[in-house]
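The values are calculated or read from the model by the stated rules, or taken from the named source; none is laboratory data. Only a predicted model underlies this, so the values are computations on that prediction, with no experimental measurement involved. All Cβ positions, glycine included, derive from the backbone under ideal geometry; neighbour counts span all protein chains shown. Ligands, DNA and RNA are excluded from the accessible area calculation, which covers all protein heavy atoms including side chains. Shrake-Rupley method; radii C 1.70, N 1.55, O 1.52, S 1.80 Å.
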Amino acid sequence: MSILGLFGGKEEPWRRLAEKEFVEALNEDTGELIEIRPTQRNPNAAEGLLVGFSYKDGSGSSSKRTILCWRAFSNGEMIYVTGYCTIREALRTFRTDRMRDVKELRSKSAISNPANYFAKLAEPDEDAFDHLEAEHFNHSNYDHNYWRERYEKRSRAHGLCIEGLRVLAHIALVDGSESDAETQVVRSYIVERLGSLSSDAEIVEDMLSTARGLAPTSRSFSIAVGAVAQGDKTNLELLSRKALELAKADGAAHTGETVALKKFIEIVRKKQNS
């Protein structure tokens with residue numbers, strides 16, 4: 001089977017989250033690991049809720065999501081929910097006005113108005129979108145809506161690219177360093193993956209900077225491949241193509257790169273058949 005022909009996979013069953021004592025996730029805002037317990041111990045807080053929903057992001061892309069909620073917060077007139085996403089296997093933040101067909105999965109209860117539902121569980125957080133740009137603006141001229149839009153665009157770009165970047169970083173670094181030719185392959189992945197969002201040069205550079213800071217272990221590589229295999233087919237096809245380009249970027253593939261590509265194929269096949 002060609003690496004370009006590897007598609008499909010099923011989303012991780014939410015019941016696996018419900019059975020855990022806690023789920024560990026990285027809070028990328030602070031760099032700290034947090035623990036989310038899959039039980040709603042406080043009826044006035046969102047933590048522990050398991051919800052499934054359809055989501056349309058700011059670029060119009062739709063996906064089905066399952067998250068273990070960590071917190072709900074309000075920022076201006078918007079209500080947001082942050083939780084562990086089973087597709088990305090990481091913390092993600094969602095606008096409740098973009099959520100559709102929402103269900104609380106344990107009880108299978110429909111949540112007809114997610115904004116109102118989570119508003120009752122939300123705490124005000126007017127600084128939620130400030131931390132990324134705190135060093136770049138003068139508070140007297142601060143345009144909250146502008147920086148919130150920037151935050152959302154960066155979050156969307158990060159969600160689209162991060163697992164693929166982990167895969168490519170592992171392959172690029174398996175021989176000890178990333179060459180200029182390999183960096184160009186990574187950049188081309190970012191541009192193609194972001195689509196219309198790549199017209200924002202700052203976002204592209206942010207993602208490339210993120211890629212340069214990655215040094216995924218073999219386990220992180222495996223998890224990232226699994227996440228891509230369970231996501232949309234377009235990304236899997238793109239990443240498959242870029243992984244091959246990366247391995248050939250400096251001429252003949254390094255032995256470690258060949259091993260990584262074989263592992264890539266094995267994991268995707270396993271996800272397809274699970």
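Structure notes:
- Residue match in the range 10-27 (condition: open to solvent by less than 40 Å² (accessible area, probe 1.4 Å), over 19 Å from Asn113 (Cβ atoms), modelled with pLDDT of 85 or more and in contact with a Leu (Cβ under 9 Å, 6 or more places away or on another chain)): no
- Residues located in the range 248-264, provided they are in a helix (DSSP H, G or I) and surrounded by fewer than 22 Cβ atoms within 10 Å (Cβ to Cβ): Lys248, Thr255, Gly256, Thr258, Val259, Leu261, Lys262, Lys263
- When residues of the range 227-245 are limited to those that are within 16 Å of the chain's Cα centre (by Cα) and either assigned to a helix (DSSP H, G or I) or free of Cβ contacts under 8 Å to residues at least 24 places away in the same chain (or both), the one surrounded by the most Cβ atoms within 10 Å (Cβ to Cβ): Leu239
- Residue count for the range 32-60 under the criterion of being open to solvent by 50 Å² or more (accessible area, probe 1.4 Å), among the hydroxyl-bearing types (Ser, Thr, Tyr) and touching a residue at least 24 places away in the same chain (Cβ under 8 Å): the result is 1.
- Among the residues making up the range 99-118, those that are at pLDDT 90 or above and open to solvent by 60 Å² or more (accessible area, probe 1.4 Å) are Arg100, Asp101, Lys103, Ala110, Ser112, Asn113, Asn116, Tyr117.
- Scanning the range 119-138 for residues that are in contact with a Ser or Thr (Cβ under 9 Å, 6 or more places away or on another chain), modelled with pLDDT under 90, open to solvent by 30 Å² or more (accessible area, probe 1.4 Å) and outside any strand (DSSP E or B) gives Asp125, Glu126, His131.
- Complete set of residues in the range 212-226 that are part of a helix (DSSP H, G or I) and either within 11 Å of Val268 (Cβ to Cβ) or open to solvent by 10 Å² or more (accessible area, probe 1.4 Å) (or both): Arg212, Ser218, Arg219, Ser220, Ser222, Ile223, Val225, Gly226
- Residue count for the range 180-211, restricted to those that are open to solvent by 20 Å² or more (accessible area, probe 1.4 Å), not in a loop (DSSP other than H, G, I, E, B) and not polar (S, T, N, Q): 11.
- Residues that are β-branched (Val, Ile, Thr) and touching a Phe, Trp or Tyr at 6+ places or on another chain (Cβ under 7 Å), drawn from the range 76-124: Ile79, Val81, Thr82, Thr86, Thr93, Thr96, Val102, Ile111
- Criterion (modelled with pLDDT of 80 or more and more than 20 Å from Arg92 (Cα to Cα)) met by exactly one of Val204, Val185, Val167: Val185
- Subset of the range 61-87 that is within 16 Å of Gly231 (Cβ to Cβ) and either modelled with pLDDT of 90 or more or assigned to a strand (DSSP E or B) (or both) - its residue that is most open to solvent (accessible area, probe 1.4 Å): Lys64
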